[in-house]
Every structure is written in structure tokens, then in C-alpha cells.
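Note sheet for the following structure.
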Amino acid sequence: MSILPMPFLKPLLCLALPMLLPLTAAQAGDGRSGGKLRLTNGISTVEGSAGGGLATWAVIAGNGTKDGVGGSAHATLVALPDFDLESYGAAIGLHDRVEISYAHQSFDTLNAGAALGLGHGFTFRQHIIGAKLRVAGDAVWDQDRWMPQIAVGVQHKIAERGDVLRAVGAAHDRGTDLYVSATKLLLAQSLVVDATVRWTKANQFGLLGFGGDGHHGYSTQVEGSAGFLLSPAIVVGGEYRSKPDNLGFAREQDSFDLFAAWAVHRNVSLTAAYVDLGDIATVRRQRGAFLSLQSAF
């Protein structure tokens, strides 16, 4: 597992602005912003949307309620034995109804790049533009109803290194994921649960392109999260995410994690996890650490 790379420190600068913004609302006595309970807006996924680390949830990014605007920024590192995945980005939540997000991912092949014939430290990069709409329910405040919060979303992904992606069998260097998520916080049981269905062509979240010589079209994948609130500021749990298997040269496996998230402050959260992404591009047993810092307002 590699030491935290210096380029990872640069995205942390984008976290400073959301941490300062709440001061203005607090000084003005504005109750429209920052009204959510801690951690009920989730954390930022590696793809930029609000949710868990791997799974997208139906919640909307930021601390803003239906009468205000909120937002978040994140920097995330997934450190594996043979690869490093970095993700950073931001999201804005409008009236707890609409979420717009952006994430930039860098996938460093480290020493494995040379073994794969790509060159030491060869890096795949991807841009992800997302939008989410809450269509029904409220994950937190509808405690007297069984209905979860439900949201629909889209993520348009643009992968770089298209020539290399096509050489390994990918059909396209860009693609669009569609998903439906359902999330419920059970306050009496101190539980948060989520289930998501995603329609996608993405290989390794899109970093290795979309579709392939093994399977070209969309496939239906599932994501799920369950967390237990040890306190209003700490939640522990696990996630599972299935992935397509489109490329003929390497089997793609499903992923899971075991996580702990801590709301250090209502505007700052830290998340650490053990993550298993399975085999990646013929390199086996990619299990390591997930570390994420998020600020929100």
C-alpha cells in the first residue's frame, strides 16, 4: 500500500470554502441552511454523489433543508496493494430536492503499470458529472411511515486515455449511468439502510471505459448500504456494489467495504474503511484502505 501521495493534498484546498460558508448563515441567524441532522446527508461517494463510499444514496448533498441551499466538497483516497484511486469534487443541493455533482478520478497503476505493459505509474483519469432528483419520501422526517426516500439520478462519465481503453477491449471512452435509490433512517433502531439499482456499461466504475468485447450493452447492477449509529456523530457499517463484467481480458468482480464515519463537526466529516475491489485488470486481491474528508454546509 502506498504512502499518501502529494498530489492528493491539492484537492484539500477545495474543502476550505464550504467550511467557512456556515459562519455567514450562523451570524445572520438564517435557519434555512445547515438544518439537517449530522451524517443524514451521507458522505461523498468516489463518484461525487451523496451516499456511502461506494454506494449512491437517495439523500441530497449538503446540510441545507427544503428552504435553503447546501453543498459539499470531498477528497478521497483508496490505497490498494497495486493501485491508488484518488477522487475529489463537489456537489450542491437545492432545497433538499435536486443535487448537482462533479468528481474527478485518478487511477494510478504504480508498479502494476509496468507489468501490464503500460509503464510505471501510468494513470487513468475520469470526469463524472451527476444529477439527482428526490421524487418521494423523506429518509429522516417520515418516521411514522414505512416509505423510504426515493431518488432517481444520472451520471455522465468521460474517461481519458481512450486509445488505451479501446486497446484493452472497451467499446467506448464515455458512458452514462442511470440509477434509482431508496434510503431510510430508522431512528428508533439507530439504523440507516439503502438500496440502489443502477443501469450501466462502466468497466471499473468507468475508469477502464464502457462496454467491451465480452458484453457491449447495459446491465443491471445493485448497490446496498447498512449502517448503525453509535452516536449522533458516529456511524459504522458496510456496503456492497456489484459491477458489470464486460472485458474479455480480465474478469471484473463485485466490491464491498466496512466503514466508520465520524462527524467531527456539523460541517466536517471523516470516513475510513476497509475496501475490497476484487481483481483489477488481472491483478488479484485488491484490498486496502478508503480514506475520505468531506466538508459540507
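The values are calculated or read from the model by the stated rules, or taken from the named source; none is laboratory data. Since the model is a prediction, treat every value here as computed from it, not as a measurement. Note that we place each Cβ from the backbone using ideal geometry, even for glycine, and neighbour counts take in every protein chain shown.
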Which of the numbered conditions does Ser225 fail, given that it passes all the others? Conditions: (1) buried (at least 18 other Cβ atoms within 10 Å of the Cβ); (2) in a loop (DSSP other than H, G, I, E, B); (3) not hydrophobic (A, V, I, L, M, F, W, C).
(2)
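Using the structure shown, decide if Val78 is at pLDDT 90 or above and either more than 20 Å from Ala289 (Cα to Cα) or over 17 Å from the mean Cα position of the chain (by Cα) (or both).
No: the conditions fail for Val78.
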Give all pairs with beta carbons closer than 8 Å in which a residue from the range 275-295 that is free of Cβ contacts under 8 Å to residues at least 40 places away in the same chain and surrounded by fewer than 22 Cβ atoms within 10 Å (Cβ to Cβ) meets a residue that is assigned to a strand (DSSP E or B) and polar (S, T, N, Q); count only pairs at least 6 apart in sequence or on separate chains.
Asp276/Ser255; Gly278/Ser255
Name the pairs whose Cβ atoms lie under 7 Å apart, with the first residue in the range 36-58 and surrounded by fewer than 24 Cβ atoms within 10 Å (Cβ to Cβ), the second of a type in the set (Asp, Glu) and modelled with pLDDT of 95 or more, and 6 or more positions between them or separate chains?
none
Look at the range 113-169 and say how many of its residues are on the phi > 0 side of the Ramachandran plot, modelled with pLDDT of 90 or more and over 24 Å from the mean Cα position of the chain (by Cα).
1
Among the candidates Gly70, Gly62, single out the residue that is buried (at least 24 other Cβ atoms within 10 Å of the Cβ), on the phi > 0 side of the Ramachandran plot and small (Gly, Ala, Ser).
Gly62
Checking Gly70 against (1) under 22 Å from Ser225 (Cβ atoms); (2) part of a loop (DSSP other than H, G, I, E, B); (3) modelled with pLDDT under 95, only one condition comes out false. Which one?
(2)
So Val164, is it β-branched (Val, Ile, Thr), out of contact with any strand residue (DSSP E or B) (no Cβ under 6 Å at 6 or more places or on another chain) and more than 22 Å from Asp254 (Cβ to Cβ)
yes
Considering the range 247-262, residues that are crowded, with 22+ Cβ neighbours inside 10 Å and at pLDDT below 95, and then whichever is nearest to Arg198 (Cα to Cα), we arrive at Glu252
